Structure formats: C-alpha cells, structure tokens
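First up is the structure itself, then whatever we jot down about it.
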Amino acid sequence: MLELQGIAVSPGVAIGQALVFDREGYRITRCLVAVGEDEREWSRLVEAVRKADEKLELSRVSATTKLGERLGGIFSAQQQVLRDPHLQSELESLIRKKTYSAEYAVSEVFTKYAAAFRKSTSTFLSERAADVRDVERLLLESLTDQPMATLKTLPHEAIVVSHDLTPGETAGFDPEKVLGICTEVGGSGGHTAIVARGMEIPAVVGVGNFLHNIRSGDEVIVDGHLGRIIVSPDDATREHYQKRRLYRESIATKLQEIRDLPACTSDGVRIELMANVEFPNEAASCIARGADGVGLYRTEFLYLGHDQEPTEEEHYQAYAQVVRDMQNRPVVIRTLDLGADKMGMKKLTEPENNPFLGLRSIRLSLRNPALFRVQARAILRAACLGDVRVMFPMITTLDELRSARFLLRSVSEDLAAEGKHIQCHVQVGMMVEVPAAVLMLDRFIDEIDFVSIGTNDLTQYTLAVDRSNDSVADLYQACDPAVLRLIQRTLQVASEKKKSTSVCGEMSTNPAYALLLVGMGIRTLSLAPAAIPILKKAIRSVTIGQCEAMAWRALRLSTAREVDAFLMNQLAGLVPEIVLQA
Ligand code: PEP
Ligand code: MG
C-alpha cells in the first residue's frame, strides 16, 4: 500500500482501477516480463512492426491515389520511422536486457523520440513529433489487437492517473467512466481542477512524481477532500474510505431537502447563490442544486478540445440552451477567456514564455476582433431569450474596457442594421482579477453595470503565484490578507456607486471563506453547482452579525495561515455538521 499527499481540488471519494496515461494520452502499460520470456516479447514486436508496416503501406497507396504523391508521402515518412534501425535496436535492447514488455518498450522509446522532435526549434522537425506518436499508436494497436483507449473512449470505469491533463482533455472525459482523477502536477486554481469540480469528478493534483509506482489496473483511492491518494489499499483502508464515501453521500442527500429554500441567513439576509458553468448541459445541474442563476459561464470551453473554431450558430445554440434551461434566471456570459492554460487545438498565440502574463483573455479577444465579433453576435442574439448579461474577463486598463464595449456596440448596430431581433439593453460588467483593476476601479465603475471578482486570478496576480503550479501551491491562498484588502476595496468603490458586486472565483466553494465574504458585504456568490447545497446550508445556519464578526477579526490578521486557521475554526463552531473530519 502506498499513500501519497497531493492538493485536494474536487471533493468526493473514488475507489477503482487506475488507468495510467502519459502526456499524449496513450496508455502506458508499465510491465516487465519474466526472465527468459524476452524472445517471445521480441517476436511479438517483430510481428507488430510487420503488421503496422502493412497498414502504413495500404494508407500510403490509398492516399497517393486519392490525394497525390505529397500526401501519400506522409505515410512513407512514418514507414521510415517504423523501420529505423537505430530505433529498432533500442527496442530490442530494452526487451532483451531490461525485460520490458513489448508495449512498455514501445511506449518508452517513442515517447523519448517524440519529445526530442518536439523540442526542435525547426518547425518542420517539431511537427514530426505527431508522426512518431501515430506510429507508436499503430504499433501498440498491432500488439494488443485492439484500438488504443484515448481519453475520450475509456474502455471501462477507471481512475485516470496522469502526469498532467489539460482542461480540454478533462472536459472530454465521460463522467460515467472516469471515477476520479489524479495528476502529478497542477495547482488548485488551475482550469483542469475547475473542470473536474464542474464535472463533479473527485480529483487530486500536484501529487509529485509517482507514476513509476503505479500501473494500469492497480486499485486506487482518490480522496478529493483530503487530497490523498492510496495505491493498492489494504482491506482496513479500503473499508475506511468506503465509509467516508457513504458519509459524504448521506450529507449530500440531506442537503437536497433545502434545495428549494432560499439562501438566507437565519436573520433574513438573502444571499444570491449563482453557478459557474463550463458546458451548456450543466444548466440542468444548476437547477437541480437550487442555483439562483448562472453567475459565470466560461464560454471558452466551446473551443477546448475542438480543432475548428465554433461558428456563430454554435455559440448561439450553446448560449440559448443555457438561457432556456435557466428559466428566466440571470445568466452572465463571460466573453472568451482563452490563452494561458486554456487553448483550443488551434493555437491562437505563438508560444509565450509567460502565458499567464501574455496574450490571454480580453487581450486575445481584442487582438482578434473577428473572433470576438462572432461571439458577441451570438450573445446579443441569445439575450432575446432571457436575462442575459455580458462580462469581460481580465480587464486591466480602461482602454481595454472601452475597446471591448465599442466592439460590442458596433456588433449590436450591425445586427440591428441586418434587421435581426436583439435585446437593446444588456447589462455589461467586468471581472476584477488584476490588482490594477482594483486600484483603478473608481475610473472604471461609471462605465459598467456590475463587477464580479475573479479571486482565482486575483490571487495569482496579487501574490505573483502561478495558480496551476504545485511547487508554489502553498503560497496560492485566496484568504491572504493582501487579497482580502483588494476585495474590500473593490466592494467599497462599487457600493459607493451602487453597482452590484459578486465573487465568482473558487474561493467561495469553501464555506468558511464564503461566510467571510458575506461578512465583508458580498451578497452574490457564484460557484461550482455541486458546492451550492453545502454553502446554502452554511448560510442558513448563521446570522449576518456572526459573518460580520468573522470578517472583522479575519481582516485584522496578518498571514494567510492565520486567516485560514481562524475561519476553519469558526466554521467548525458555527456549522459543525458540514465539516468532514479526516
Ligand atoms: C477567476 O479568475 O477567478 C475566474 C473566475 O476566472 P477563471 O477561473 O476562469 O480564470
Ligand atoms: Mg480568471
């Protein structure tokens, strides 16, 4: 039994078989064979090479006939990789000298070659990495006589274990099959973590190097509440975690009873609980969890995992579904927040050294007005169907806000000129995610209808700590006094002008932090739908005076550790029934 500690990012306990993926999504079958079986493994590989070569030859002939010499050449290049004597002798040496299984040897050698190609500064050579992976896939398929599982088509229920996963890959999972997620790298604020939470898949990230200690088929427990991973548990441990899983499920069932009650403090102050969504089909779960609306629709997920840019109609259909499903509740559609860790297959930027400080979010949209306009048209059309509001992400300067508003207005004029039916007055808000936006909010505030504080990025940019980097995860604390002061100032400026302010970062999925925000004066919180019932319970269990007292004391503390300890202690005293012990 092996117990590992990582970062808890999506609650819940999952118990199942591991399915280990490497960075490109193919399964590594880490397997050594018994001494003396190397001859058999080598023959299997020789046979697989022969079969793969035959398939490539068929593809080459067919592509040449239908599409010409040049495209047929792609397959001859792959044949050359397959037949490369140097590569073959590496495979033979791993099998014969290190007793690797044929599959494991293929996975190791091809991963190394693909990485070497990928690192090349020549575009021609770096693009060959994909060919190497194709040949690898073909060989593995020949060895196993079945198509390789990809992240989208898992053969059975499994806990996906990987070095890293992109938000797009995670978004492509079938939640029926993926019981849990565990990665070696990643931080709690990264978008992979956010997607896992949105899909309600228990997840732990940032576990550190451990893939060499696990192989597909091993039994694994993922405790997404404690951030714990257990490989090959003994009977007592398995039983302990089964009980934890049942206990969590029983809390969830009890919380369903308050689903249709408002999120009011016990002395009657109404808090709006909105949902953060990434996919249109999540609207149903917002209603099931009793959400008051959608406070953040992360529309960039329409791009992730697709190689084509969505058309205006595809944008429109996605928004229309959310707006209709939310049945007249407000829906805040955030314009594209692409870039950094959220990239579609088609890269919209050149590789950047510091992508979180680079061409991401509103900057990317303003550099690509055509992209922005397609989305803006769809949003304005969908606004006829209900209470739709538009929100711009990562606004840092007033010029950006004005340019984004200008584009929105011109799109609206175009639609009107085309005789399209659109909503004339759509509320427009901005996210506060950069310290500059807080410092300058008094200049922005007259030009917007509402403010939403994105504490995930605000924490990252205030504390200079990458939200997806596990090496600095201990520094990534939304309750850091510096972040709290920025939230406080945002609230002051917005409330002077009577502009509504919400918090839509992950901070409020922690009920202790959410009560602090309520005590500071926030009346609208937007969070993952699955986290709404617990938060509603917490809010209904306290008075506004208790929240204010919590905030008063928390704001006088000097370190994130002090604030966190104080808030967790308060929560345990005020709402003990939702605190899940280790
Ligand atoms: C945030 O930064 O807090 C936020 C809500 O946006 P995202 O997590 O999508 O960057
Ligand atoms: Mg953000």
Inset, instruction - Give Lys51/Lys112; Lys55/Lys112; Lys254/Lys498; Lys66/Lys112; Lys420/Lys497 a once-over and call out the pairs whose C-alpha atoms are over 30 Å from each other. - result: Lys254/Lys498; Lys66/Lys112; Lys420/Lys497
Inset, instruction - Note down the magnitude of the dipole of the chain about its Cα centre, charges +1 on Lys and Arg C-beta and -1 on Asp and Glu C-beta and zero elsewhere, to the nearest 20 debye. - result: 1160
Legend entry - Dipole magnitude (debye, nearest 20) for the range 1-127, charges at Cβ of Lys, Arg, Asp, Glu: 280
Inset, instruction - At 7 Å along the Cα-to-beta-carbon direction for both Cys384 and Ser126, put a label point, then send me their distance in nm to one decimal. - result: 4.5
Legend entry - Per-peptide average of other Cβ atoms within 10 Å, ordering 87-94, 164-171, 333-340 highest first: 333-340, 164-171, 87-94
Legend entry - Estimated [θ] at 222 nm from DSSP helical runs (n ≥ 4, -39500 (n - 2.57)) normalised by residues in the chain, nearest 500: -15000 deg cm²/dmol
Inset, instruction - Compute the length gained on full extension between Val269 and Gln17: take 0.36 nm times their separation in residues and subtract their Cα-Cα distance, giving the result in nm to one decimal. - result: 86.1 nm
Inset, instruction - Taking all pairs of distinct Cα atoms, average 1/r, flip it, and tell me the Kirkwood hydrodynamic radius of the range 318-367 in Å to one decimal place. - result: 12.7
Legend entry - Proximal lysines relative to Lys342, as straight alpha-carbon distance under 20 Å, when same-chain residues fewer than 8 apart are discounted: Lys152
Legend entry - Positive-end residue of His421, Pro481, Asn276, charge dipole of the chain with Cβ unit charges: His421
Legend entry - aspartates and glutamates whose Cα lies under 15 Å from that of Lys97, excluding same-chain neighbours fewer than 8 positions away: Glu37, Asp38, Glu39, Glu41, Glu108
Legend entry - Charge dipole (the chain, unit charges on Cβ, about Cα centre) - positive-most of Gln78, Thr396, Pro576: Thr396
Inset, instruction - Rank these residues by their accessible area, most exposed first, probe 1.4 Å: His421, His156, His315. - result: His421, His156, His315
Inset, instruction - Using only Cα atoms, tell me the angle between helix 544-554 and the longest principal axis of the chain; keep it within 0 to 90° and round to the nearest 10. - result: 60
Legend entry - Scaled radius of gyration (Cα, divided by 2.2 N^0.38 Å) that the range 258-581 gives: 0.98
Inset, instruction - Whole Å is fine, so just give me how far the alpha carbon centre of the range 228-261 lies from that of the range 379-413. - result: 43
Inset, instruction - Calculate, in nm to one decimal, what Asn281 and Asn569 gain on full extension: separation in residues at 0.36 nm each, minus their alpha carbon distance. - result: 100.0 nm
Inset, instruction - Starting with the highest mean, order 504-516, 379-391 by the number of other Cβ atoms within 10 Å, averaged over the residues of each peptide. - result: 504-516, 379-391
Inset, instruction - Taking the Cα centre of the range 258-581 as origin, work out the dipole magnitude from +1 charges on Lys and Arg Cβ and -1 charges on Asp and Glu Cβ, in debye rounded to 20. - result: 660
Inset, instruction - Sticking with the crude label model, points 7 Å out along Cα→Cβ, report the distance from Glu314 to Thr253 in nm, one decimal please. - result: 4.2
Inset, instruction - For the chain, go through all pairs of different Cα atoms, get the mean of 1/r, take its inverse, and jot down that Kirkwood value in Å. - result: 25.8
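The values are calculated or read from the model by the stated rules, or taken from the named source; none is laboratory data. Note that this is a predicted model, so its numbers are computed, not measured. Neighbour counts run over all protein chains shown; Cβ positions are idealised from the backbone, glycine included. For accessibility, only protein heavy atoms count, side chains too; no ligands or nucleic acids. Shrake-Rupley method; radii C 1.70, N 1.55, O 1.52, S 1.80 Å.
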